[in-house]
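**Student:** Can you keep this structure in mind? I'll have questions shortly.
Where a number appears in this text, it was derived from the coordinates with a stated rule and is not lab data. None of these values were measured; they are calculated from a predicted model. We place every Cβ from the backbone using ideal geometry, glycine too, and count neighbours over all the protein chains shown.
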Amino acid sequence: MQKTNDGNIVVAWIISAARSQVGLQKISQAGAKLWGSNPIILQSATEGLNYPDIVTSDSGGVILFHTETTGNFPAQTVKLRAKKLSSTGTVSWDVSIQNIGTIAAFTVPEVYPDNNFGGLIAWHDDRDNNNLQSAFVQRVSSSGTLYFPVNGAEASLLSNRHKFNPVAAFDNTTGDTYVFWKETEPNQNQNGITGQKFSSNGTRQWTDNGKIFKDLSAPNTISISYLTAEMGNGRAYLFYLEGNSSGLNDKVEGFACDGSGNFLWPGNFTVLSNPTSDKLQLVSTVDVYKNCKLAWGDNRLDASGIYAQDINPNGELGNSVVPVELVSFSADVLENSVVLNWVTATELNNLGFEIEHSINNHNFRKIGFVPGSGTTAEMRSYSFVVQNVSSGIQYYRLKQVDFGGSSTLYNSIEVTVPMPDNFVLYQNHPNPFNPNTTISFSLPVEADVTIKLFNMLGQEITKITEGNFAAGIHNINFDAQNLSSGVYLYTLETAGVDGAGFKSTKKMLLLR
């Protein structure tokens, strides 16, 4: 079952028949059947369709993955296919995922969305006919294009190993796919966990044999089952049930790794639950704040208990809600202005951002405010222009403020405003103004400077500043509280130590 991007629900199931079929129906928010009073039935004259699973696609459609089976157990041939159904239930395309037919009977492939209206599917098969299962993955786009090699990308070439029950997670920021699986020796008495990262075209990134996260155990000491993978904050998470020598799945455990396969949590592995009880059917998800949520069946008190656990991105048990997740904060210098840019991944109760400035990275003052987006799980981009910035090293930082008045300070960034190459008189800011404005000018060399104010008849009103100034960008505050509204002219005259002279005039508008 999946929610479509037009706000409805699509359900898929197996219909028992001489050759099994797949039924599908789209349900509105009001509970109405949108694909007719009877479901859409997909069937084959020669093959049974089993294990349907769907992901959300574009324009109200879904992508259906399923197996195709011919023959009788145990001599069955099992393949994989994918189909896209439009918002009206019409099959838009139909592609082969695995056409070799070497998937073991009763294998249930794992299906995942790629957050780009396409999907991932992971499975194991014995296409080499050596009685060893290998892990494979394929990604298909919303238009039916296969991103990885035909019949899937193989996760590991390591010989003399089973690679069972692969699970996958997709990083939609980098386009990388992470796959993890249970690895055993041929007799399946020793268990471990290995992973692989694939590039966007299905190239293995962690060597051809993958990366070992949990070495093979001593014989008959532990079991590993119900693997589930998630992605968030540029890191991959894997959770699983670990059983003891008596066959009891008594531990829920997990780890996080970065794009290079390095462990990210203290002690590498975190135990989420370990009371002496049998645990089954582990499932997981990631919330908008990148906390992982897990649930499983547990018989510690009765035969049908359900338990759950939170784990935050740092590997600590319990929820961790960050009011604003800041992805980036950077600056660009444009003449005598600095453009600050920042991006958030999620926001909770966010009133906005105060922009603070310092010349020594210690004493900061507020210079502006940018409204936030309240609460959102969507990525947001912001910018703020700081005008009339002096030459030299400047520091800027953000102070996030929520609607309740709480605030969070982020690390500052250092910005170097270079020395100017030319004499320049900049437009005053703000303009129009009342009664204060800033006049900025740049000097490529040390110079004697005079700035005078004139009315529109050319009569001098006042001398705004006069003196010797070092090379660089300078800002002069002008207070016009004793002047009446109107248009005025301000003129900069310089005499540089190198003998160069410069004169420039601009208009300013005082509005009371």
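**Student:** Per the Debye formula with a single identical scatterer at each Cα and no solvent contribution, what log10 I(q)/I(0) holds for the range 324-417 at q = 0.22, 0.23 Å⁻¹?
**Tutor:** Once normalised to I(0) and log-transformed, intensities are -1.08, -1.16.
**Student:** Then there is this: Report the rotationally averaged projected area of the range 424-510 based on its alpha-carbon convex hull, in square nanometres.
**Tutor:** Details: hull surface 20.2 nm².
Mean orientational projected area (the range 424-510, Cα hull): 5.0 nm².
**Student:** Determine, for V324, V415, V497, V179, the number of other Cβ atoms within 10 Å of each Cβ, and report the residues in order from fewest to most. Before the final figure, lay out the partial values.
**Tutor:** Working: V324 24, V415 20, V497 12, V179 28.
By the 10 Å Cβ count, ascending, the order reads V497, V415, V324, V179.
**Student:** So for the chain, averaging the separation of alpha carbon pairs under 8 Å that are six or more residues apart and normalising by length, what relative contact order in percent results?
**Tutor:** Working: 1344 pairs, mean separation 27.5, N = 512.
Relative contact order here is 5 percent.
**Student:** Now for a separate question. Taking K293 as the anchor, which lysines have their alpha carbon closer than 27 Å to its alpha carbon, excluding any fewer than eight residues away along the same chain?
**Tutor:** In chain and number order, the partners are K3, K163, K182, K197, K211, K214, K251, K279.
**Student:** Determine the gain in length on full extension of the stretch N5-L509; use 0.36 nm per residue of separation and subtract their C-alpha separation, reporting nm with one decimal.
**Tutor:** Values: separation 504, 0.36 × 504 = 181.44 nm, distance 5.20 nm.
Contour length minus the Cα-Cα distance gives 176.2 nm.
**Student:** What aspartates and glutamates does K83 reach when the alpha-carbon gap must be under 12 Å and sequence neighbours fewer than 8 apart in one chain are set aside?
**Tutor:** Result set, ordered by chain and number: D53, D94.
**Student:** Of the options S484, H474, G499, report the single residue whose Cα projects farthest towards the positive end of the charge dipole of the range 424-510 (beta-carbon charges: Lys, Arg +1; Asp, Glu -1).
**Tutor:** Among S484, H474, G499, the one farthest towards the positive end of the dipole of the range 424-510 is S484.
**Student:** Can you give the relative contact order of the range 1-143 as a percent, counting alpha carbon pairs under 8 Å and 6+ residues apart? Present the calculation step by step, with values, prior to reporting the outcome.
**Tutor:** On the way: 344 pairs, mean separation 23.1, N = 143.
Relative CO of the range 1-143 lands at 16 percent.
**Student:** For the range 356-398, what relative contact order do you get, as a whole percent, if you take Cα pairs closer than 8 Å and at least 6 residues apart?
**Tutor:** Working: 30 pairs, mean separation 24.2, N = 43.
Across the range 356-398, relative contact order equals 56 percent.
**Student:** Let me ask something else. By counting other Cβ atoms within 10 Å of each Cβ, how are W181, W342 ranked from fewest to most? Present the calculation step by step, with values, prior to reporting the outcome.
**Tutor:** Details: W181 31, W342 22.
Taking fewest neighbouring Cβ atoms as first place, the list is W342, W181.
**Student:** Here's something else I'd like to know. How do 418-426, 26-34 rank on mean C-beta neighbours within 10 Å, highest first?
**Tutor:** Values: 418-426: 15.1, 26-34: 12.4.
Per-residue Cβ counts within 10 Å, averaged per peptide and sorted highest first, yield 418-426, 26-34.
**Student:** Same structure, new question: To the nearest Å, what is the center-to-center distance of the range 206-258 and the range 83-120, using C-alpha atoms only?
**Tutor:** So the two Cα centres are separated by 26 Å.
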